[in-house]
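The values are calculated or read from the model by the stated rules, or taken from the named source; none is laboratory data. None of the values given here were measured: they were computed from a predicted structure. Glycine also receives a Cβ, built like all others from the backbone with ideal geometry; neighbour counts cover every protein chain displayed. Quick note on the areas: whole protein, heavy atoms, side chains included, nothing else; ligands and nucleic acids left out. Shrake-Rupley method; radii C 1.70, N 1.55, O 1.52, S 1.80 Å.
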2 protein chains.
Amino acid sequence: MIVGLGPGPADWMTLEARRAIAEASDIVGYSPYVDRLALRLAQRVHASDNRVEMRRARLALKLAEGGRQVAVVSGGDPGVFAMAAALFEAIEEKPEWLKLDIRVMPGVTAMQAAAARLGAPLGHDFCAISLSDNLKPWTIVERRLRAACEGDFVIALYNPASQARPTRITQAFELLRGAKAATTPVAFARAVGRADEALTLATLCDADPSLADMATLVVVGSSETRFIARDWARPWMMTPRSYEARR
Amino acid sequence: MIVGLGPGPADWMTLEARRAIAEASDIVGYSPYVDRLALRLAQRVHASDNRVEMRRARLALKLAEGGRQVAVVSGGDPGVFAMAAALFEAIEEKPEWLKLDIRVMPGVTAMQAAAARLGAPLGHDFCAISLSDNLKPWTIVERRLRAACEGDFVIALYNPASQARPTRITQAFELLRGAKAATTPVAFARAVGRADEALTLATLCDADPSLADMATLVVVGSSETRFIARDWARPWMMTPRSYEARR
């Protein structure tokens, strides 16, 4: 079972995910995700470091092959920049693994949690791009950013920065500023649902991309996205369903 | 409260959504979604037809303004081609509505449920496009499809067809066939999680777009997406995280 825990708080987990974890004999995952869970003493925990997805996938497959009921836990949705792809990359390494009964259990991913807090920024066609170039060349990221502008998509940027590549988000913003209106609404949604949640709104021209870290999801609007001002709170950010509402 | 019910089965609902519905005095939503819920007798139900999103949004805002605790229920995630955008479109019509305490509660959306069943097709950068041209010109859809090909995104197609516009999905496939490899993996995921769930895999050249109806989510792969054959079951569909794994 490849189980999505959602973005953080237990109440963003699905009932299916909660049940899968309760029933598992073995929990495999990145330590901070495993640490979130209330487990039984009899459950074996295999916590690991970040960036060892393939090793974690193989361990899970090996345990399952040995008859264990394994839950591979993943933050957000395992299908969105998370453990499901790693597991299916590993599965072909051993013919026996293709016979396993594998189930993916979806969850709320970071862009959905961010969107919920912001209003309805993903209210129309959108795309999700990871800025990590650990596993793909940066030229592919640039190609996708350009295509996202060409298609006037709302853009959700995952993995905008890390200590190893602090400048990728700055480079991405330079590209976006060359292709989109200066007034395009932008949001930095950090650690949504957690105690240190922080939301920052800006326009593309005045946004400070260095606000983005590993825990941040960045949303860049389409030509239709706008802020709705409120007196007593931060503006709502929304993308109308109708394309030419203002014209 | 704008509440995501997930794609169908109750166990794909978040705990937050379940609690919000239990606590609401009034439930507002499209009849089939409201019908899914186990409600208390004291809860007032305001069920409505499809395609009256704005009327539904105004009703919910009016009830909330009158002091009711309203849950607007939405299939999937309210932020993804659903009720959140409609509600924030309506909110500016009356200054009082901007003072309401509005919360969006995210949920699992159709493409995540489809992806979970298929394997990991959204394992890398992807986009979501609605083929409905009720609210946007078809030229915008075409522009986005072309950009999605240019960016080599995995593409999730929402609202691929309806009785009013049965040929949009065929037109979309013609465009995609002109821009992507004939062997690109494609999936039609119908009514995922419901009793009549049906999954059909194909390649772009031999796919039959007329398989898609209102209840279908179509996934079209990137150049990296592939099928993993299994003896005893349908292939897995997956997009590796690594861009040049096969090269």
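Some notes on this structure:
- Summed residue charge, Cβ within 12 Å of B:A47's Cβ, Lys/Arg positive, Asp/Glu negative: 0
- 0 to 90° range, to nearest 10: angle between helix A:168-179 axis and chain A longest Cα axis: 40 degrees
- Heavy-atom accessible area with a 1.4 Å probe sorts B:W97, A:W232, largest first, into A:W232, B:W97.
- Accessible-area composition of the stretch A:128-188, carbon plus sulfur, in percent [1.4 Å probe]: 50 percent
- nm² value of the averaged projected area, convex hull over the Cα atoms of the stretch B:72-145: 6.7 nm²
- Heavy-atom surface of the stretch B:120-247, accessible at 1.4 Å and reported per residue (Å²): 39 Å²
- The angle separating the long axis of helix A:138-150 from the principal Cα axis of greatest extent in chain A is about 50 degrees.
- Stokes-Einstein, applied to the Kirkwood radius of the stretch A:107-247 over Cα pairs at a viscosity of 0.692 mPa s and 37 °C, places its translational diffusion at 218 µm² s⁻¹.
- A:R234 accessible area, 1.4 Å probe, all protein chains in place, Å² to nearest 10: 90 Å²
- Derived scalar couplings ³J(HN,Hα) [the stretch B:125-130; Karplus, 6.51 cos²θ - 1.76 cosθ + 1.60; whole Hz; x for Gly, Pro]: 3, 8, 9, 10, 10, 8
- Each Lys and Arg contributes +1 and each Asp and Glu -1, all at the Cβ; summed about the Cα centre of the stretch B:132-247, the dipole is approximately 220 debye.
- Mean per-residue shielding of peptide B:232-240 is 4, counting Cβ atoms of other chains within 10 Å of each Cβ.
- Chain A: relative contact order in percent, alpha carbon pairs under 8 Å with at least 6 residues between: 18 percent
- Distance from the stretch A:191-231 to the stretch B:190-247 (C-alpha centre basis), Å: 33 Å
- Packing-based ranking of B:3-12, B:41-50, A:137-146 yields B:3-12, A:137-146, B:41-50, ordered from highest to lowest mean Cβ neighbour count within 10 Å.
- Shape call, the protein assembly as shown: gyration tensor on alpha carbons, a/c limit 1.5: rounded
- One decimal place: the segment A:E174-A:W138 gains 11.6 nm when fully extended, by the rule 0.36 nm per residue minus the C-alpha distance.
- Contact with the other protein chains removes 40 Å² or more of accessible area, compared with the isolated chain and a 1.4 Å probe, from these residues of the stretch B:65-95: B:G79, B:F81, B:A85, B:F88, B:E89, B:E92.
- Secondary-structure-derived ellipticity at 222 nm for the protein assembly as shown, considering helices only, amounts to -8000 deg cm²/dmol, per-run term -39500 (n - 2.57) for DSSP H runs with n ≥ 4.
- Using a probe of 1.4 Å on the protein chains alone, the accessible area found for A:T203 is around 30 Å².
- Threshold 50 Å², the stretch B:106-121 residues less accessible with all protein chains present than alone (1.4 Å probe): B:P106, B:Q112, B:A116
- For the residues A:Y30, A:Y243, a 1.4 Å probe over the protein chains yields an accessible-area ranking, largest first, of A:Y30, A:Y243.
- Alpha-carbon centroids, the stretch A:1-55 and the stretch B:94-159: separation in whole Å: 28 Å
- Percent accessible area from carbon and sulfur atoms, the stretch A:1-68, protein chains only, probe 1.4 Å: 50 percent
- Taking the Cα centre of chain A as origin and assigning +1 to Lys and Arg Cβ atoms and -1 to Asp and Glu Cβ atoms, the resulting dipole is close to 100 debye.
- Counting, for every residue in B:217-230, the Cβ atoms of other protein chains within 10 Å of its Cβ and taking the mean gives 1.
- Solvent-accessible area of B:D208 with every protein chain in place, 1.4 Å probe, in Å² to the nearest 10: 70 Å²
- Against chain A, whose longest principal axis comes from its Cα atoms, helix A:53-65 is set at around 40 degrees.
- Taking a point 7 Å from the Cα of A:Q69 along the Cα-to-Cβ direction, the residues of the stretch A:7-33 with backbone N closer than 20 Å to it are A:14-29.
- Over the stretch A:1-88, accessible surface divided per residue gives 40 Å², non-protein components excluded, 1.4 Å probe.
- For A:S130, distant residues with modelled amide H under 5 Å away: A:Y158, B:D125
- Applying Stokes-Einstein at 10 °C and 1.306 mPa s to the Kirkwood radius of chain A, computed over alpha-carbon pairs, gives a translational diffusion coefficient of 83 µm² s⁻¹.
- By the Cβ-Cβ criterion of under 4.7 Å, the unpaired cysteines of chain B are B:C149, B:C205.
- This model, with +1 at the C-beta of Lys and Arg and -1 at the C-beta of Asp and Glu, gives the protein assembly as shown a dipole about its Cα centre of some 220 debye.
- Flagged links, alpha-carbon separation over 30 Å, of A:K94/A:K136; A:K136/A:K180; A:K180/B:K62; A:K180/B:K180: A:K180/B:K62
- Summed over both chains, the area buried between B and A is near 6400 Å², taken from the accessible surface of protein heavy atoms with a 1.4 Å probe.
- 16 Å cut-off, amide nitrogen to a point 7 angstrom out along B:A42 Cα→Cβ, residues in the stretch B:64-95: B:68-71
- Solvent-accessible surface ranking, highest first, for A:E53, B:E224 at 1.4 angstrom: A:E53, B:E224
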